[in-house]
Each structure stands twice: as structure tokens, then as C-alpha cells.
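Undergrad: Structure provided below as C-alpha cells; questions to follow.
Values in this text are rule-based calculations from the coordinates and carry no lab data. All values derive from a computational prediction rather than experimental measurement. Note that we place each Cβ from the backbone using ideal geometry, even for glycine, and neighbour counts take in every protein chain shown.
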Amino acid sequence: MKKTALVTGGARGIGRAISKVLAEDGWTVAVNYLNSEEAALSLSREINCLLVKADVSDENQVSAMFKRIKSEIGSIDLLVNNAGISSYGLFTDITPEEWRKMFSVNVDGVFYCCRQAVPDMIRKKHGCIINISSMWGQVGASCESAYSASKAAVIGLTKALAKELGPSGIRVNCISPGCISTDMLGCFSQSELDALIDNTPLGTLGSPEDIAEMVCFLASEKCRFVTGQVIGANGGFVI
Ligand code: NAD
């Protein structure tokens, strides 16, 4: 079976680990990146992949990205919507522009990529979409209201799409990571990180590979009967 995947935000952090694990599992991977050009180039020296620069919050750039992927490696069988941004601060300090920015990347980006990927998947009667949400999308985080709301939207979209696309042979699932050691946690001090670890029953931060292995499993035929699910990979933080 042909295995062609697109990983958004795939040059750094969790996305980079996903790209690597999928490539090791035999997938032909298109790696989307925005500003992380150096990281993208270094990844392309480690795995055989197609690098595609695009801002997922820009509909035209997403459309151009899919055209390029289709002409170079064919239509995709697996879409991993991983690109995302976060912010930390009081709800009363969030400006409408900051709110819109959060939703434009974390929600509109997922919409634009699904909108491009789904028609070919319907035609082929086969496909898999994996959205990277967050445990905060399930339970909410104080001082991360815009982020939590955007990630909750991703969970709602996952469930609705799973119902709508299941009859076309397309599975749509969501992974809700807990605290994963990447640049995204860079805004936290060591004592704040220690507090997050204290609240994690398994007593550690997760690694990008923990999420990547889950993506690979969900994308595999082993999960052919799994759709519409929110898989927590959070060390027990949210149960
Ligand atoms: P990261 O900041 O290292 O990676 C985010 C990636 O998204 C980067 O490669 C970045 O360039 C890309 N990106 C951001 N805006 C983009 C845009 N407009 N267009 C294209 N790419 C864009 O952080 P990460 O921890 O690897 O995050 C990956 C995903 O995992 C995100 O969706 C994040 O919300 C989610 N997540 C992370 C954690 C964590 O603790 N690290 C926890 C839960 C969920």
C-alpha cells in the first residue's frame, strides 16, 4: 500500500519526531515548516523527505503546498495536523488580535489542510487524519484560555469529521499530549516545570518520540477500527 504523509510544523519538536518515525516506518513524508528552515534542512539530511514551506494559517499558501506535494509525491494518505502555537497570560490581557492569531494557526490551519486533503481521500475511499490537540483542550488550563479553546475546537472537529468521513473509509483521530519536552515549554521556569512534573503521575515530561510513536500506531492498519477518538498521551496528568 502506498504510504504518503504530510506533517505540518514537521521540522521541530513533536513534528520532527513524527516525521522521523513515519519515515522509518516506510512512509514518504512531506514536511511542512514555516520559519525553521535550518531545522528543516538538517531533517532532510537525516530522512528522505519533501520540504514544503507554508504558513498553515494562510489558505493560499496551504493550497499551493498541497499542489506541490501532489505533483512531487502524489496525493497524501495521512495528514498529521501538528503545527501549533501557544501563549500564556491572564484572560483579561488577551487582545482580539492575539485571540485571532491563536485560532488562525491552531484551528483555521487544521481546517485549511483538511479541506485540501479530504477530497482526494474521499475519491480513494481511504485516508487517515491525525490532529494534535492538547490535554488543555480537554480540561482547560488557567492562563491558557485562548490555547485551551483552540485545542478544544480541534477535538470537536476531529469527532465531527470522523462521523462524516467514516463512510468514505477515512479515519480521523486526535492525540492530546500532556507536557512534552519541546521549545513550547520554553516559557516556563524550572520550578514551574517541576510543578508540572509533580502533577504527572508517571513523574516525568513526555518526549516528542512518545507522541510520534502514537501517531505511527494510529496511522497503521492495527488501528483500522479506531476513529473519532481523543488519545491522551500525558503520563496520567489527565485521566
Ligand atoms: P514547537 O513550538 O516546537 O513546534 C510547533 C511547530 O509548529 C513548529 O515547527 C512551528 O514552526 C510550527 N508552526 C507554528 N505556526 C505555524 C504556521 N503558521 N504554519 C506552519 N507551521 C507553524 O512545539 P511542539 O511542542 O512541538 O508542538 C507541536 C504540537 O503539539 C502543537 O500543536 C502543540 O500545540 C501541541 N502540543 C504540545 C505540547 C507540549 O507540551 N510541547 C503539549 C500539548 C500539545
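Undergrad: Taking the Cα centre of the chain as origin and charging only Cβ (+1 Lys, Arg; -1 Asp, Glu), how large is the dipole, in debye to the nearest 20?
TA: Details: 22 positive and 25 negative charges, 252 e Å.
Around 1220 debye, computed over the chain.
Undergrad: For the residue pair GLU37 and LEU90, what label-to-label distance in nm results when each label sits 7 Å from Cα along the Cα-to-beta-carbon direction?
TA: Taking the two extended label points, one gets 4.0 nm.
Undergrad: Follow-up. Need one number: nm distance between label points at SER63 and THR204, each 7 Å from Cα along Cα→Cβ, rounded to one decimal.
TA: 4.6 nm
Undergrad: Could you pull out every whole DSSP H run in the chain that spans at least 18 Å of Cα extent along its own axis and averages -1.0 or higher on the Kyte-Doolittle scale? Mind dumping the intermediate values first?
TA: Numbers: long enough: 59-73 (21 Å, -0.55); 109-124 (23 Å, 0.08); 145-165 (29 Å, 0.52).
Taking the DSSP H segments of the chain (at least 18 Å long, mean hydropathy at least -1.0), we get 59-73, 109-124, 145-165.
Undergrad: Within the chain, what's the longest run with no trypsin sites (Lys or Arg not before Pro) in a DSSP loop and at most 13 other beta-carbon atoms within 10 Å? Give the range, please. Walk me through the numbers before you get to the answer.
TA: Details: sites that count: LYS2, LYS125, ARG224.
Of all site-free stretches, the longest is 3-124.
Undergrad: Let me ask something else about it. With n ≥ 4 as the cut-off for DSSP H runs, can you work out [θ] at 222 nm for the chain, using -39500 (n - 2.57) per run divided by the number of residues, rounded to the nearest 500? Walk me through the numbers before you get to the answer.
TA: Numbers: 9 runs with 108 residues, N = 239.
So the helix-based figure for the chain works out to -14000 deg cm²/dmol.
Undergrad: Across the chain, how many lysine pairs, 8 or more apart or on two chains, come within less than 17 Å at their alpha-carbon atoms?
TA: 15
Undergrad: Next up: Hey, with R₀ at 45 Å, roughly what FRET efficiency would SER71 and PHE217 work out to, going by the Cβ-Cβ distance, to 0.05?
TA: On the way: r = 30 Å, r/R0 = 0.67.
For SER71 and PHE217, the calculated efficiency is 0.90.
Undergrad: Using alpha carbons only, how many angstrom separate the centre of the stretch 58-86 from the centre of the stretch 114-184?
TA: So the two Cα centres are separated by 15 Å.
Undergrad: DSSP loop chymotrypsin sites (Phe, Trp or Tyr not before Pro) in the stretch 53-128 with at most 16 other Cβ atoms within 10 Å of their Cβ, which ones?
TA: In loop regions of the stretch 53-128 (DSSP not H, G, I, E or B), the sparsely surrounded chymotrypsin sites (Phe, Trp or Tyr not before Pro) are TYR88.
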